[in-house]
């Protein structure tokens, strides 16, 4: 009897899971297909020329026929994102800890950091071009600047986030500074650091394309810019889709990393 | 020195002894002033505070009367401005480690499961893992937490979080338990149950407890002795020996004496102008 109930229960939950999947994937897919179909039909009916607005069938076909070219540029863009982002996070997190540890430094630097965080980083692009010439380094520096500040600001709040009364408890345990850091402060800041990194990665993808527009010889931004000079709108739309895929990939990676590293953070708040 | 002490604790734990005697507290002329110059705030004292080994003593008083400060001074977590505190006859100079502390907020680490929050004591103190885990399991059973070991704090109710917090304060078998309004954030029904569970734990181990509360019911319901405080600066203005049989019932009104003790505290509060009933 019990076995029957369990079996029915699991079958039910599986069925429920499946319908959940369907609504999560099928409905968005359907609406995208419908949107592309309407696009396709309208262009055909009104006979819009290819150089003005390409049909979905054109740029989707281009994605496969020019796959090596597009994939190569997508890879160049991804490398720039990974490098700039890793560099940004690797410097921002320890620096945040250092700044928060010295109150005078924090008070002095905080307004400057807030100002730099608000300032649009792309305006520095032309200056960086003057300093470093046209090349992959310029894009890396811009990506670095784009994600550095959100990670820095959120990590700083992370290192400040521990309730000071918790230190009474760790002190009564006889914990050393290093132990408090290892067992309490660093893991407690994880949620905040990830929040900063999630903003950082979105900004990194944004920044890398702009950087490639202005000063690069590789990457999706460069490819789109060059296609623009040839009025190759089909390739531009293919590049647009490739950029979206890259952005989705990096966002997905961040979310997966967060779920994996911080299983407790599935709940929105600490309390 | 800490090594010797850790060794003693782990040896006691290995031997399965849960009857470590409670520490005694002797404070004379304890005074606390925060800040200095014209900004100085005289928060506490001078007060004399004597707690016998294994005694359950409550400090009750209005907000800001220096109750919490008293607790921090006794733990050696804040230095007294004047006066001396002796724990087991030893003058207090720095934070003592033979102590468990519970605050009003559970202060559990959100990234650790219930059991790992408790085992933080073992990890930081470098105690024997198996012995501490056994002790933690025993405490979980007594506190009704069995089955919640691997849940994160956000997956627990307020009452359960506070029970985990109590387990964390007791797992290393300290000789003293300091509690600062530990049930203050809980609902009345949970509070009555957790009060009883704490009393049963205390009856078993007879650790010295300094219990800070706003609640007359908790103070009288749990304590051997209640110290009534007034602010500010905080001073002890009344001391009441509570002679009620243990364990005490959920409904304390069963005892006519309870009403008498409660009446005395209410009267004291009224005479201080804390209550202004017409």
Quiz item: Which residues in the stretch B:163-194 have a backbone N closer than 17 Å to a point placed 7 Å from the Cα of residue B:138 along the Cα-to-Cβ line?
Solution: B:166-177
Quiz prompt | Exposure proxy ranking, count of Cβ atoms within 10 Å, fewest first, for A:182, B:191, B:260 | solution = B:260, A:182, B:191
Quiz prompt | For the stretch A:183-214 and the stretch B:42-56, distance of Cα centres in Å | solution = 51
Quiz item: Is there a simple number for the mean count of other chain Cβ atoms within 10 Å of the Cβ of residues in B:104-114, and what is it?
Solution: 5
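Between residue A:86 and residue B:204, take the C-beta separation as r, use R0 = 60 Å, and let me know the FRET efficiency to the nearest 0.05.
Details: r = 54 Å, r/R0 = 0.90.
In this case the efficiency is close to 0.65.
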Quiz item: How many partner chain Cβ atoms sit within 10 Å of a residue's Cβ in peptide A:164-170, on average, as a whole number?
Solution: 6
Practice problem: Would you order B:172, B:251 from fewest to most other beta-carbon atoms within 10 Å of each residue's own beta-carbon? | Solution: B:251, B:172
Quiz prompt | Order of A:262, A:119 - criterion: other Cβ atoms within 10 Å of each residue's Cβ, fewest first | solution = A:119, A:262
Quiz item: Mind checking the angle between helix B:188-205 and chain B's longest principal axis? C-alpha axes, 0 to 90 degrees, to the nearest 10.
Solution: 70
Quiz prompt | residue B:42 paired with residue A:20, simple spin-label distance in nm, labels 7 Å along Cα-to-beta-carbon | solution = 6.4
Quiz item: Considering only DSSP beta bridges whose two residues both sit in the protein assembly as shown, what percent are antiparallel, to the nearest 5?
Solution: 50
Quiz prompt | Cα gyration tensor of chain B - equivalent ellipsoid semi-axes, whole Å, descending | solution = 30, 24, 18
Quiz item: In peptide B:89-98, what is the residue-averaged number of other protein chain Cβ atoms found within 10 Å of each Cβ?
Solution: 2
Quiz item: Ordered by packing density, taken as the mean number of other Cβ atoms within 10 Å over each peptide's residues, highest first, how do A:41-47, A:86-92, A:163-169, B:116-122 rank?
Solution: B:116-122, A:86-92, A:163-169, A:41-47
Quiz item: How high is the FRET efficiency between residue B:259 and residue B:196 when r is their beta carbon distance and R₀ equals 22 Å, given to the nearest 0.05?
Solution: 0.65
Quiz item: For the stretch A:85-211, how big is the tail of P(r) above 25 Å, as a whole percent of Cα pairs?
Solution: 33
Quiz item: In nm, to one decimal, how far is the modelled label at residue A:177 from the one at residue B:93, with both set 7 Å along Cα→Cβ?
Solution: 2.1
Exercise. Compute the acute angle (0 to 90°) between the alpha-carbon long axis of helix A:136-160 and the principal axis of greatest extent of the alpha-carbon atoms of chain A; round to the nearest 10°.
Key: 40
Quiz prompt | C-alpha long axis of helix B:158-170 to longest principal axis of chain B, angle in ° | solution = 80
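All of the numbers you see were taken from the coordinates with simple rules; none came from a lab. From a predicted model like this one, the values you see are computed outputs, not experimental measurements. Neighbour counts are summed over all protein chains in view; Cβ atoms, including those assigned to glycine, are modelled from backbone coordinates with ideal geometry.
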